[in-house]
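Asker: Starting off with a structure, shown below.
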């Protein structure tokens with residue numbers, strides 16, 4: 001009795017194509033599947049801790065430099081320039097690490113970058129001179145932008161069948177970071193005294209209004 005011939009392997013790219021097709025499910029189904037995955041919410045929190053901090057520093061760094069060191073409003077521009085390459089560098093290093101290991105290599109890199117971001121932020125917050133403040137901000141910014149890239153390098157591996165929902169939930173953390181952007185900008189333009197709300201400035205306009 002002859003056995004059935006072996007099943008031929010799928011053609012090159014078929015596995016990826018199947019994953020892409022799986023990711024094209026309906027928007028609501030994709031969202032529900034992503035929302036049920038705890039890994040999505042872990043990355044949601046992580047992205048808020050890197051890109052959320054990045055947006056906040058963009059909004060408030062100029063006020064900080066003017067208030068503490070008497071510099072011009074353009075002194076904080078160097079932080080934003082890091083986005084031209086550091087975010088891509090984080091994704092690139094994540095891909096390189098995965099080639100030599102596995103998915104854990106990507107997670108380990110993200111962990112190291114987040115630790116570096118935290119140390120850099122502490123250094124920046126305690127810098128006593130403008131020189132140290134700028135150097136600390138550049139180091140902190142480098143880790144922050146790279147962490148953003150390393151976070152989204154993990155997104156395709158969370159749930160390929162609900163890729164749109166995963167990316168949408170993780171990226172939605174930005175809403176709370178950008179909605180107060182015009183208010184921060186007005187503070188800068190009007191040179192508003194922020195002494196009374198300094199401790200609450202990180203949390204946006206609503207809490208600052210209560211503090212004032």
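The values are calculated or read from the model by the stated rules, or taken from the named source; none is laboratory data. What you see is a predicted model; the values in this text were computed from it and never measured. No Cβ is skipped: glycine too gets one built from the backbone with ideal geometry, and neighbour counts run over all protein chains shown.
Asker: Quick check on residue 163: is it within 14 Å of the chain's Cα centre (by Cα) and either within 29 Å of residue 32 (Cα to Cα) or outside any helix (DSSP H, G or I) (or both)? Spell out how you get there, then give the answer.
Answerer: Working: within 14 Å of the chain's Cα centre (by Cα): no; either within 29 Å of residue 32 (Cα to Cα) or outside any helix (DSSP H, G or I) (or both): yes.
Spelling it out, it is not the case that residue 163 is within 14 Å of the chain's Cα centre (by Cα) and either within 29 Å of residue 32 (Cα to Cα) or outside any helix (DSSP H, G or I) (or both).
Asker: Residues in the range 112-125 that are modelled with pLDDT under 90 and surrounded by fewer than 16 Cβ atoms within 10 Å (Cβ to Cβ): how many?
Answerer: 1
Asker: Return yes or no: is residue 78 under 19 Å from residue 138 (Cβ atoms), under 19 Å from the mean Cα position of the chain (by Cα), at pLDDT below 80 and loosely packed, with under 14 Cβ neighbours inside 10 Å? Show your work before the answer.
Answerer: Numbers: under 19 Å from residue 138 (Cβ atoms): yes; under 19 Å from the mean Cα position of the chain (by Cα): yes; at pLDDT below 80: yes; loosely packed, with under 14 Cβ neighbours inside 10 Å: yes.
Judged against the criteria, residue 78 is a match.
Asker: I'd like to verify a number: residues in the range 130-160 that are over 15 Å from the mean Cα position of the chain (by Cα) and touching a residue at least 60 places away in the same chain (Cβ under 8 Å), how many? So that I can check it myself, show each step before the final result.
Answerer: Of the range 130-160, the ones over 15 Å from the mean Cα position of the chain (by Cα) are 130-139, 156-160.
Checking which are touching a residue at least 60 places away in the same chain (Cβ under 8 Å) leaves us with 130, 133, 137-138, 158-160.
Qualifying residue count for the region: 7.
Asker: Residue 136 - would you say it is in contact with a helix residue (DSSP H, G or I) (Cβ under 7 Å, 6 or more places away or on another chain) and not in a helix (DSSP H, G or I)?
Answerer: Working: in contact with a helix residue (DSSP H, G or I) (Cβ under 7 Å, 6 or more places away or on another chain): yes; not in a helix (DSSP H, G or I): no.
Against the criterion (in contact with a helix residue (DSSP H, G or I) (Cβ under 7 Å, 6 or more places away or on another chain) and not in a helix (DSSP H, G or I)), residue 136 does not qualify.
To keep it simple, each residue is scored yes or no on (1) surrounded by 10 or more Cβ atoms within 10 Å (Cβ to Cβ); (2) at pLDDT 85 or above; (3) within 26 Å of the chain's Cα centre (by Cα).
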site	(1), (2), (3)
1	no, no, no
8	no, no, no
13	no, no, no
40	yes, yes, yes
43	yes, yes, yes
50	yes, yes, yes
54	yes, no, yes
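Asker: Just wondering, is there one or more residues in the range 90-111 that are under 30 Å from residue 194 (Cβ atoms) and at pLDDT 80 or above? Give the derivation first.
Answerer: Kept after step one, since they are under 30 Å from residue 194 (Cβ atoms), are these residues of the range 90-111: none.
The answer is no, given that none of the residues of the range 90-111 is under 30 Å from residue 194 (Cβ atoms) and at pLDDT 80 or above.
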